[in-house]
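Asks: Once you've had a glance at the structure underneath, I'll fire off some questions.
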Amino acid sequence: MIDEIAADADERMGKTLDAMQSAFARIRSGRAHPSLLDSITVPYYGSDAPLNQVASVRVEDARTLVVAPWEKSLIPEVEKALLRSDLGLNPSSSQDVVHVPLPALTEESRRDLARQARQEAEAARIAIRNIRRDAIADIRELVREKEVAKDDGRRAEEKMQAITDRRVKKVDQALATKEADLMEV
């Protein structure tokens, strides 16, 4: 029973790390990457569809993305969606593709992006600690109902803390990597 609680908590913490990595991918660094446009949706036949489902997004060079919609009629909609996004992009269309040049990052914008990355990392740490709290509460409930011995409960709590420490360390490593990437000129 205790092993199931620990395995479930570890799996949930892993999903939290994955969510943080996904959020980091949306934070723009100095280089063009197709995942920058993952959060953009385009009106498509009456409903909003993710950009990567109505067009291909590829890197043309270090600072330019090229969006090629599957249907030419979507080009103006893609441009509008890119302009509406909070990414500060100025797309331009040519025949059947939309070019998205990425402006150079200033020192101030780099610091803002690093601050955003730290906020995402802190949210992940809080989520991991909440998962630990829930797992420890479940373990203590088992001890209270005498389904497991107190010593086994204490060892399980120590194991949960070790799992938590390992996951928080991974968050810190990912944050350090992202900050270094952002501050690289």
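Please treat every number below as a calculation from the coordinates, not as lab data. Being a predicted model, the structure only gives us computed values, none of them experimental. All Cβ positions, glycine included, derive from the backbone under ideal geometry; neighbour counts span all protein chains shown.
Asks: Please give every one of the lysines within straight-line cross-link reach of LYS169, meaning a C-alpha to C-alpha distance under 23 Å, and leave out same-chain neighbours fewer than 8 residues apart.
Replies: LYS15, LYS159, LYS178
Asks: Here's another thing I want to ask about it. Subtract the Cα-Cα distance of SER22 and ASP38 from 0.36 nm times their separation in residues, and report this length gain in nm to one decimal.
Replies: Difference between extended and current length: 4.8 nm.
Asks: May I ask you to list the trypsin sites (Lys or Arg not before Pro) in segment 96-185 that are in a DSSP loop and have at most 10 other Cβ atoms within 10 Å of their Cβ?
Replies: Passing sites in segment 96-185 are LYS146.
Asks: If amide hydrogens are placed 1.01 Å from N in the peptide plane, which non-local residues have theirs closer than 5 Å to the one on LEU102?
Replies: It is THR64, LEU65, by chain and number.
Asks: Hey, fewest Cβ within 10 Å first, where do THR106, THR16 land in order?
Replies: Final ranking by Cβ density, sparse to dense: THR106, THR16.
Asks: Where a Cα-Cα gap under 22 Å defines reach, which lysines qualify for LYS80, not counting those fewer than 8 residues away within the same chain?
Replies: Leaving aside lysines fewer than 8 places away in the same chain, those within reach of LYS80 are LYS72.
Asks: Helix-only estimate, please: 222 nm mean residue ellipticity of the chain, summing -39500 (n - 2.57) across DSSP H runs of length 4 or more and dividing by its residues, to the nearest 500.
Replies: After summing the helix terms and dividing by the residues of the chain, the value is -21000 deg cm²/dmol.
Asks: What does the charge count near SER109 come to, summing +1 for each Lys or Arg and -1 for each Asp or Glu among other residues with Cβ under 11 Å from its Cβ?
Replies: +1
Asks: Determine the distance separating the Cα centre of segment 25-104 from the Cα centre of segment 106-185; give it in Å without decimals.
Replies: Centre-to-centre (Cα) distance: 33 Å.
Asks: For MET183 and ALA49 in one chain, what is 0.36 nm times their gap in residues minus the Cα-Cα distance, to one decimal in nm?
Replies: On the way: separation 134, 0.36 × 134 = 48.24 nm, distance 3.29 nm.
Here the segment from MET183 to ALA49 would lengthen by 44.9 nm.
Asks: Give me the number: length gained by fully extending ARG129 to LYS150, i.e. 0.36 nm times residue separation minus the C-alpha to C-alpha distance, one decimal in nm. Mind showing how you got there, number by number?
Replies: Numbers: separation 21, 0.36 × 21 = 7.56 nm, distance 2.24 nm.
Between ARG129 and LYS150, full extension yields an extra 5.3 nm.
Asks: Moving on to the next point. Please check the chain for the longest run free of GluC sites (Glu not before Pro) that are loop-located per DSSP (anything but H, G, I, E, B) and have at most 15 other Cβ atoms within 10 Å.
Replies: Result, exposed sites excluded: 72-144.
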